[in-house]
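What follows is a single structure, written as structure tokens, with notes after it.
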Amino acid sequence: MRKTIIAGNWKMNKTVSETKQFFNELLPIIKEMNANVIIATPFTSLVTASEITKNTIVKIAAQNMGNRLNGAYTGEISPLMLKDINIDYVIIGHSERREYYGDTDFHINEKVKLALQTGVSPILCIGEKLEEREENKTKDVVKTQILEGLKDVSKEDIKNVIIAYEPVWAIGTGKTATPEMAQDVHRYIRDLIEEKYGKEIADEISILYGGSMKPENVVELLNESDIDGGLIGGASLEAKSFAKLIEAGAK
Ligand code: PGA
């Protein structure tokens with residue numbers, strides 16, 4: 001059985017004190033819920049977030065990492081540093097990284113492999129832009145991003161990878177893919193994984209949907225058979241609305 005995962009991505013939001021405030025509000029609400037929750041905070045909040053959520057259902061993720069283990073790479077954070085502060089997950093290849101900071105499939109693949117080698121689970125983000133969808137290229141784009149992003153990732157390691165399908169045109173825009181549109185791409189991604197790694201692994205891998213997921217649309221999206229959770233930006237910033245998403249993903 002695949003896990004349903006509700007993951008928040010705060011992007012460049014929340015100071016350390018706002019981080020504490022958020023968890024002080026969220027944790028009591030979700031205390032009794034049986035859910036898998038991940039929250040990706042800015043680097044500066046990771047230590048606080050991971051300490052405050054110890055022994056709860058919440059796991060903490062970084063939003064990016066460097067593509068080397070250490071050395072003269074000014075401004076970068078190594079997965080070894082993440083591991084050292086008990087961070088188990090890292091978002092890799094978010095469309096905002098691809099778009100504004102030049103992350104290419106090649107670098108994303110380096111980071112995915114390095115994270116796995118270090119024992120940090122990557123959440124690999126993929127998704128097409130609006131013009132690509134309009135030109136009927138969605139599946140080609142997704143295929144390239146999956147095959148390049150997971151190049152040389154072994155059958156053993158893929159079990160620690162989470163995939164997030166996030167159509168770029170739906171991120172932060174309020175426009176959500178319809179459940180049918182999302183399901184169609186999720187199924188396609190699972191088929192690609194099956195071709196590369198076999199049916200057992202394809203059946204196990206969690207594929208999250210991202211792009212304006214919110215309390216109003218979460219249930220219908222999660223009802224689709226190949227949508228195993230969400231990666232949520234805007235609606236993860238406010239504890240009460242995020243708790244509603246967690247509740248929808250709880251058993
Ligand atoms: P959004 O962001 O929920 O604000 O659309 C999703 C994401 O970028 O992961």
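Read the figures in this text as sums done on the coordinates, not as results from a lab. Since we're looking at a predicted model, the values are computed, not measured. Glycine gets a Cβ as well: all are built from the backbone with ideal geometry, and neighbour counts include every protein chain shown.
Descriptive notes on the structure:
- In this Cβ point-charge picture (+1 for Lys and Arg, -1 for Asp and Glu), segment 1-100 has a dipole of about 220 debye about its Cα centre.
- Our Cα-only numbers for segment 141-251 put the radius of gyration and Dmax at 14.2, 41 Å.
- This model, with +1 at the C-beta of Lys and Arg and -1 at the C-beta of Asp and Glu, gives segment 50-183 a dipole about its Cα centre of some 340 debye.
- In the chain, helical runs assigned H by DSSP with n ≥ 4 each contribute -39500 (n - 2.57); averaged across all residues and rounded to the nearest 500, the mean residue ellipticity at 222 nm is -12000 deg cm²/dmol.
- A convex hull fitted to the Cα coordinates of segment 199-238 yields 63 cubic angstrom per residue.
- Residue (of Ile38, Asn70, Asn55) at the positive-pole extreme of segment 2-129, dipole from beta-carbon charges: Asn55
- Calculated on alpha-carbon atoms, Rg and Dmax of the chain in Å: 16.9, 47
- Relative contact order of segment 128-218, pairs being alpha-carbon contacts under 8 Å that are 6 or more residues apart, as %: 37 percent
- Cα-based Lys proximity count in segment 3-107, under 16 Å, for pairs eight or more positions apart or on separate chains: 7
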